[in-house]
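Peer 1: Got a structure here, written out as structure tokens. Questions coming.
The values are calculated or read from the model by the stated rules, or taken from the named source; none is laboratory data. Bear in mind the structure is a predicted one, so any value in this text is a computation, not a measurement. Note: ideal-geometry Cβ built from the backbone for every residue, glycine included; neighbour counts use all protein chains shown. These accessible areas exclude ligands, DNA and RNA; they are computed on the full protein's heavy atoms, side chains included. Shrake-Rupley method; radii C 1.70, N 1.55, O 1.52, S 1.80 Å.
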Amino acid sequence: MAKVMILMGSASDWGTMQETARVLSQLQVPHEVHVASAHRTPERVRRLVAEGEAGGVQVFVAGAGMAAHLAGFLAAHTTKPVIGVPLPGGVADGLDALLATVQMPGGVPVATVAVGKAGARNAAFLAAQILALQDPALAERLAQERRASGQAVEEADRSLQLDTT
């Protein structure tokens with residue numbers, strides 16, 4: 001049973017959104033991925049949200065560029081957390097998507113992460129942190145990932161110090 005549903009407005013968005021799926025897999029978070037457009041297939045988006053909720057999805061992640069209405073459209077149809085990933089392209093290489101994703105009316109929030117692949121990765125970590133509130137084993141996997149990341153930074157520094165002496 002998927003706990004996170006990843007949606008993207010176009011198959012061309014997979015190059016970025018696969019980062020979300022990769023991190024969720026690494027953290028052992030069950031997820032599913034779909035292409036559905038807020039503008040071209042709104043009924044499909046509504047159906048996916050309803051089916052996802054009925055199937056146990058707890059967090060939705062939406063990646064979209066330019067007008068970037070997908071995350072807001074999802075948020076209008078669920079009370080589950082929605083994380084928006086603005087995708088590069090369009091005006092100022094993603095600035096339009098960032099603004100469209102973050103500027104939601106009161107009462108219909110979308111948690112918004114950075115533009116592009118870094119945002120796609122952080123969307124997975126944020127979704128996992130939300131789920132970890134009720135899953136101690138996932139919380140421990142997140143803590144282990146954080147420690148490993150810190151150790152990698154320290155190792156990079158040690159290598160640099162050896163190379164510069």
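Peer 1: Using a 1.4 angstrom probe, figure out how much accessible area the chain has per residue, in square angstrom, rounded to the nearest whole.
Peer 2: Per residue, the chain has an accessible area of 52 Å².
Peer 1: Out of the total accessible area of the chain (probe 1.4 Å, heavy atoms of protein only), what percent is carbon and sulfur?
Peer 2: Answer for the chain: carbon and sulfur cover 57 percent of the accessible area.
Peer 1: Considering the convex hull of the alpha carbon atoms of the stretch 34-92, report its projected area averaged over all viewing directions, in nm², one decimal.
Peer 2: Over all viewing directions, the stretch 34-92 projects a mean Cα-hull area of 3.9 nm².
Peer 1: Could you tell me whether the stretch 84-125 comes out rounded, prolate or oblate from its Cα gyration tensor? Rule is a ≥ b ≥ c as square roots of the eigenvalues, rounded for a/c under 1.5, then prolate if a/b exceeds b/c, otherwise oblate.
Peer 2: oblate
Peer 1: Any chance you could check the Cα centroid distance between the stretch 104-141 and the stretch 1-59 for me, in angstrom?
Peer 2: Value for the Cα centre distance between the two parts: 13 Å.
Peer 1: With angles folded into 0 to 90 degrees, how steeply does helix 136-164 sit against the dominant principal axis of the chain? Use alpha carbons for both and round to 10.
Peer 2: Once rounded, the angle reads 50 degrees.
Peer 1: Report the Stokes-Einstein translational diffusion coefficient (µm² s⁻¹, integer) for the stretch 1-135, Rh taken as the Kirkwood radius over Cα pairs, at 25 °C with viscosity 0.890 mPa s.
Peer 2: Rounded to a whole number, D works out at 173 µm²/s.
Peer 1: Take the Cα atoms of the stretch 67-160, build their convex hull, and give its volume per residue in Å³.
Peer 2: Once divided by residue count, the hull of the stretch 67-160 is 109 Å³.
Peer 1: Report, in debye and to the nearest 20, how large the dipole of the chain comes out about its Cα centre when Lys and Arg carry +1 and Asp and Glu carry -1 on their Cβ.
Peer 2: Dipole size: approximately 380 debye.
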